Amino acid sequence: MKFRAKIIDVGCLNHFTRVVNTVSKLTKACVLRLTCDHLYFVLSGKVATGGVSMWCELSQVNFFDEFQLEGVSADANEIFLEVAPENLSRALKTAQNAKSVKIKLTKKNCPCLTLAAELPSLSSVSRVVTHDIPVDVIPRRLWHDFREPQMPDFDVSIYLPPLKTMKSVVDRMKNLSNYLVIEANLNGEMNLKIETDLVSVTTHFKELGNPPWGDDGSPSASASHRDTELMAQTRVDIRKLQQFLTGQQVNPSRAMCNIVHKRILHLIFLHEDVSLQYFIPAVM
């Protein structure tokens with residue numbers, strides 16, 4: 001098993017750092033899946049037991065100037081590592097003005113991702129800052145737990161309002177309730193609601209638009225015969241939604257959500273070479 005990669009372009013480095021920062025705000029530990037073409041940050045929480053799930057996919061060619069990988073075998077040319085993204089985020093912070101950053105899978109006292117940043121220097125002697133980030137190698141028999149989650153057969157898919165606006169609304173609602181109902185229809189309308197014994201608050205959004213889905217642009221089976229005015233809703237832990245909105249630094253060009261009525265809120269952020277999916281289970 002071998003992995004080494006190098007980033008030279010400062011724009012690519014900053015972009016990669018923002019993605020890692022986003023992941024680090026969402027989870028203390030996740031799986032980093034490495035293939036020849038992509039990197040994936042995966043959190044495989046069991047939605048059935050109330051855990052969130054995350055799938056963040058990056059195309060390596062858009063970030064790395066060099067990228068070499070030898071997986072566990074010829075027929076399984078991949079590597080799965082359990083990593084604390086906060087450690088990777090801290091290491092990248094020291095490399096913001098680096099001339100280059102090398103990332104390599106190494107064996108110290110334990111398996112590590114070693115990040116070496118070559119920093120600018122006034123002398124002819126280069127300055128290199130090295131971080132050894134401990135990782136656990138995931139055995140092949142467990143890989144199936146970290147495959148891409150299937151798109152749920154949603155009832156409604158809708159584009160999100162401006163994220164700063166949505167975050168501001170959620171932040172204020174969090175002071176009043178632990179739970180939030182998000183509902184939407186196929187007419188581009190979305191409501192964010194909280195209801196307690198003392199207060200009921202609803203924020204309305206209109207004309208958001210509904211994404212086309214499927215190869216032919218068709219929606220899911222549940223949505224295809226649905227009354228466009230009929231609302232689908234999911235009640236979620238408001239802290240989990242706030243955590244997602246607060247932590248994101250991807251600045252997506254498109255942001256949308258799929259609602260499986262009373263079951264799952266599926267958030268999707270897309271930005272050029274990055275896609276981020278986040279699944280929040282419903283609470284009753």
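With helices as the sole contributors, the chain gives -5500 deg cm²/dmol at 222 nm; each DSSP H run of n ≥ 4 counts as -39500 (n - 2.57), and the sum is divided by every residue. The tail of the calculated P(r) for the chain beyond 25 Å holds 51 percent of all Cα-Cα pairs. Beyond 29 Å in Cα-Cα separation lie the following of the pairs K6/K28; K99/K167; K93/K262: K99/K167; K93/K262. What lysines could a cross-link reach from K164, if we take a straight Cα to Cα line under 22 Å and drop same-chain neighbours fewer than 8 places away? Within the straight-line cut-off, K164 pairs with K25, K174, K193, K206, K240. Across the stretch 182-198, computed HN-Hα scalar couplings (Karplus, 6.51 cos²θ - 1.76 cosθ + 1.60, θ = phi - 60°) run 10, 9, 7, 10, 8, 10, x, 10, 9, 10, 10, 9, 10, 9, 10, 5, 9 Hz from first to last residue, x flagging Gly and Pro. Rounded to the nearest 10 degrees, the angle from helix 10-26 to the longest Cα principal axis of the chain is 50 degrees. Entry for the stretch 52-178 at q = 0.15 Å⁻¹: log10 I(q)/I(0) = -1.00, Debye formula applied to identical alpha-carbon scatterers, no solvent contribution.
A Förster radius of 30 Å, combined with the Cβ-Cβ distance separating T165 from T35, puts the computed FRET efficiency at roughly 0.25. Over all projection directions, the Cα-based convex hull of the stretch 1-104 averages an area of 6.8 nm². Of the Cα atoms belonging to the stretch 113-223, the radius of gyration and Dmax stand at 23.5, 69 Å. Based on Cα contacts under 8 Å between residues 6+ apart, the stretch 73-138 shows a relative contact order of 35 percent. When the accessible area of the stretch 86-209 is computed with all protein chains present and a 1.4 Å probe, what percentage of it is carbon and sulfur? In the stretch 86-209, the share of accessible area belonging to carbon and sulfur is 49 percent. Computed across the stretch 74-133, the Kirkwood hydrodynamic radius from all distinct Cα-Cα pairs reaches 12.9 Å.
Among the trypsin sites (Lys or Arg not before Pro) found in the stretch 1-93, those both in a DSSP coil and sparsely packed, with 12 or fewer other Cβ atoms within 10 Å of their Cβ, are K28, K46.
The values are calculated or read from the model by the stated rules, or taken from the named source; none is laboratory data. Quick caveat: nothing in here was measured; it's all calculated off a predicted structure. So basically every Cβ, Gly included, is an ideal-geometry build from the backbone, and we count neighbours across all protein chains shown. Side chains included, ligands, DNA and RNA excluded: accessible areas come from the protein's heavy atoms. Shrake-Rupley method; radii C 1.70, N 1.55, O 1.52, S 1.80 Å.
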